[in-house]
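Colleague: My questions all concern the structure below.
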Amino acid sequence: MTAATATHLHVLESEAIHIIREVAAELERPVLLFSGGKDSIVLLRLAEKAFRVGGDGFPLPFAVMHVDTGHNFPEAIEFRDRRVPDILVASVQDSIDAGRVRDEPSRNRLQTTTLLDAIAEHEFDAAFGGARRDEERARAKERIFSFRDDFGQWDPRRQRPEVWSLYNGRVRRGEHVRVFPLSNWTELDVWEYIRTEELEIPSIYFAHEREVFERDGMLYAVSEFLPPRDGEQPFTASVRYRTVGDMTCTGAIRSEAASLDDVIAEIAATRITERGETRADDRTSEAAMEDRKREGYF
C-alpha cells in the first residue's frame, strides 16, 4: 500500500469516527445495523475504534442489530454469530408469522417492515448503516444524516444541509435518522481498509467452488430458497461474492481471487459496481432502490 493510500484511508477513517461519535453524543438510542457483509464489518470496526481507545476499554454505547430475512448465506450467519455473539436479531420470519407482511419468493423487500417495527419497538432514534454513495444512484443522492419521518420514509427533497461537517440530528418522537459514516468510501477503499486492519470476513468473499445456475445473466447459488427452474441446469464453478445479501437476489461472479491482494486487484480493474453486477433487486426498474428507500429501506 502506498503512502498516499494510507493517508487517504486515514482521512476516511477519521471522518467516519467523527460521525459515529457525533451520533452517540447527539442522539439517545442509536443502533448499528450489521449483516456480516464487508461494509458492516468495517463500520463495526470503526465504532470499536471510536469508543475503545487503544483497543480496549468501554463497550459500544449502542446496540448492534441484524435484520434477518431467513434466506441468508450460511457462511454470513455463522460469521455474524461469532463476530457479535450478543447481536439483536430482527426476523422477517417473525414479521410473516405476525401477519405484518406476506411471504414472497425474495424477502429482500420485506426487510423494510421488519426494520421499522424493530426501530419502533426499541425506540431507536438513529440507525448506522454501511451504505456508500458509489453503490447506486439513489444512495448517491442521500446525505450522511438521512432524516426519516414517523413512517420511516425518506424524502430526497427534504434533506438537511451538511456544511463544514456539521450534522443536524434533531428528531421528534417517532422520527429517526439513518446515518452513513461510509458515504464517501468506495468499494476499493473498503477492501483496502480490510487489508490494513487485518479484518476477518466471511469466506464467500473469496473464490470457492459452488454449485450455481444462470438466470438473467447472473449466477445464483443452488439452495432451498431459490431452486433452478425448468431448463436452468446447475453446474459447479469457481465464484465469489462482492456483496452479501438475501440468497434469492444476490448473484456470484466468476473469480479465482482467493486472497485479499487478489480481490483488491480484481476490484481495482472492474468498472461495474457490486450492486449493478450482482443484485437482482436493483434491476427491477431504473428507480428500484430509490422507491424502496422512500418506503423506509436501508
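Colleague: Kindly indicate which of Ile41, Ile87 is among the hydrophobic types (A, V, I, L, M, F, W, C), at pLDDT 95 or above and over 23 Å from Glu187 (Cα atoms).
Modeller: Of the residues listed, the single one that is among the hydrophobic types (A, V, I, L, M, F, W, C), at pLDDT 95 or above and over 23 Å from Glu187 (Cα atoms) is Ile87.
Colleague: Given the residues Phe51, Phe34, Phe58, which is the only one that is modelled with pLDDT of 95 or more and aromatic (Phe, Trp, Tyr)?
Modeller: Phe34
Colleague: Further, regarding this structure: For the list (1) outside any strand (DSSP E or B); (2) within 18 Å of the chain's Cα centre (by Cα); (3) over 17 Å from Val244 (Cα atoms), I need the number of the one condition that Ser146 fails.
Modeller: (1)
Colleague: Okay, moving on. Need pairs with beta-carbon distance below 7 Å; first residue outside the structural domain of Ala221 (by TED's automatic domain parsing) and free of Cβ contacts under 8 Å to residues at least 24 places away in the same chain and within region 62-86, second of a type in the set (Val, Ile, Thr) and part of a helix (DSSP H, G or I); sequence gap 6+ or separate chains.
Modeller: So the pair list comes out empty.
Colleague: Looking for whichever is buried (at least 18 other Cβ atoms within 10 Å of the Cβ), of a type in the set (Asp, Glu) and either in contact with a Ser or Thr (Cβ under 8 Å, 6 or more places away or on another chain) or without any contact (Cβ under 8 Å) to a residue 60 or more places away in the chain (or both) here; the options are Glu256, Glu192. Which one fits?
Modeller: Glu192
Colleague: Taking the criterion of being of a type in the set (Phe, Trp, Tyr), closer than 24 Å to Tyr205 by Cα and in the same structural domain as Arg143 (by TED's automatic domain parsing), would at least one residue in region 34-52 satisfy it? Let's see the steps before the verdict.
Modeller: Filtering region 34-52 down to residues of a type in the set (Phe, Trp, Tyr) leaves 34, 51.
When the remaining residues are screened for being closer than 24 Å to Tyr205 by Cα, the result is 34.
Those still in the list that are in the same structural domain as Arg143 (by TED's automatic domain parsing) too: 34.
The answer is yes; a qualifying residue exists.
Colleague: Taking region 1-47 as the region of interest, how many residues are surrounded by fewer than 13 Cβ atoms within 10 Å (Cβ to Cβ) and in a helix (DSSP H, G or I)?
Modeller: 8
Colleague: Right, another one. Looking at Glu232, Glu200 in this structure, which one is assigned to a loop (DSSP other than H, G, I, E, B), surrounded by fewer than 17 Cβ atoms within 10 Å (Cβ to Cβ) and touching a helix residue (DSSP H, G or I) at 6+ places or on another chain (Cβ under 8 Å)?
Modeller: Working: Glu232 fails: touching a helix residue (DSSP H, G or I) at 6+ places or on another chain (Cβ under 8 Å).
After ruling out the rest, the residue left standing is Glu200.
Colleague: From the list Val179, Val163, which residue is crowded, with 20+ Cβ neighbours inside 10 Å and among the aliphatic types (A, V, I, L, M)?
Modeller: From the options Val179, Val163, the qualifying one is Val179.
Colleague: Just give me the residues in region 203-214 being free of Cβ contacts under 8 Å to residues at least 60 places away in the same chain and either surrounded by 19 or more Cβ atoms within 10 Å (Cβ to Cβ) or more than 20 Å from the chain's Cα centre (by Cα) (or both), in sequence order. Before you say what the answer is, go through the steps one by one.
Modeller: First, pick out the residues of region 203-214 that are free of Cβ contacts under 8 Å to residues at least 60 places away in the same chain: 206-214.
Within region 203-214, Ala207, His208, Glu209, Arg210, Glu211, Val212, Phe213, Glu214 meet the criteria.
Colleague: Do we have Ser95 as touching a strand residue (DSSP E or B) at 6+ places or on another chain (Cβ under 8 Å), hydroxyl-bearing (Ser, Thr, Tyr) and either crowded, with 22+ Cβ neighbours inside 10 Å or over 23 Å from Ala47 (Cα atoms) (or both) here?
Modeller: Judged against the criteria, Ser95 is not a match.
Colleague: Tell me, which residue of region 242-298 that is among the β-branched types (Val, Ile, Thr) and closer than 20 Å to His71 by Cα is modelled with the highest pLDDT? Full working, then the answer.
Modeller: So the first thing to find is which residues in region 242-298 are among the β-branched types (Val, Ile, Thr), and the list is 243-244, 248, 250, 253, 263-264, 267, 270, 272-273, 278, 284.
This time we only want the ones that are closer than 20 Å to His71 by Cα, so: 243-244, 248, 250, 253, 278, 284.
Working: Thr243: 89, Val244: 88, Thr248: 89, Thr250: 90, Ile253: 93, Thr278: 69, Thr284: 49.
Per the criteria, the residue is Ile253.
Colleague: Pairs please, first residue from region 151-171 and closer than 15 Å to Glu15 by Cβ and assigned to a loop (DSSP other than H, G, I, E, B), second anywhere and β-branched (Val, Ile, Thr) and at pLDDT 80 or above, Cβ atoms under 7 Å, 6+ apart in sequence or on different chains.
Modeller: From region 151-171, the pairs are Glu162/Ile144; Tyr167/Ile144.
Colleague: Under 7 Å by Cβ, and 6 or more places apart or on different chains, what pairs join a residue from region 23-36 that is within 16 Å of Phe51 (Cβ to Cβ) with one that is of a type in the set (Ser, Thr, Tyr) and crowded, with 23+ Cβ neighbours inside 10 Å?
Modeller: Once the first residue is within 16 Å of Phe51 (Cβ to Cβ) and sits in region 23-36, its partners that are of a type in the set (Ser, Thr, Tyr) and crowded, with 23+ Cβ neighbours inside 10 Å give Phe34/Ser40.
The values are calculated or read from the model by the stated rules, or taken from the named source; none is laboratory data. This structure is a prediction, so every number in the text was calculated from the model and none was measured. A quick note on method: Cβ atoms are made from the backbone with ideal geometry, for glycine too, and the neighbour counts reach across all protein chains shown.
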